[in-house]
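Below is one structure; the comments refer to it alone.
The values are calculated or read from the model by the stated rules, or taken from the named source; none is laboratory data. On a predicted model such as this, the values are computed, not experimentally measured, just so you know. With ideal geometry, Cβ positions are generated from the backbone for all residues, glycine too; neighbour counts draw on all protein chains shown. Keep in mind that these areas ignore ligands, DNA and RNA; they rest on the heavy atoms of the full protein, side chains included. Shrake-Rupley method; radii C 1.70, N 1.55, O 1.52, S 1.80 Å.
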Amino acid sequence: MAINRSNMIARIVRLKQVVKRWRNKAAVKGSEESGARNRRIRSGSLAVYVGHERRRFVIPTRFLNLPAFISLLEKAEEEFGFQSAGGLVLPCEPGFFQGMLRLLQRDEDRFGCMGLDEILKMISEPLDHSCREAASLVISPLLQKTRV
């Protein structure tokens, strides 16, 4: 158990370092761009970009310690590596990510301990059959990577 706890602490520290690098890189890039609108985010928040279209979301940094976000950050590292330019990109569909944020904002204590699989199930249950199939086609590759 001590090994598992130290592993978890090491993973959290590593993820926080990655996030700090992303924030610094994004701040430098943002300040270098002329004519860019002011996209400052408040303290305690972090901008992430989701999906292929890079939709921007601002999330509380405390979310980064939740199991679902830890999985997403690990998948981002596997899929994209550490990119020196741009912001933190998460490999999932914006609709799924927005649903996950809604759940966490509604009741973080209840939903915060869930992993990606559990959140996917919660989000896809209200969908009708055809939408569920489409959602599983889009999100299942991400979840298969999660299980490996």
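Numbers at a glance
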item: FRET E, pair R54, E118, Förster distance 30 Å, beta-carbon r, rounded to 0.05; result: 0.70
item: Rounded accessible area of D107 (nearest 10 Å², 1.4 Å probe); result: 60 Å²
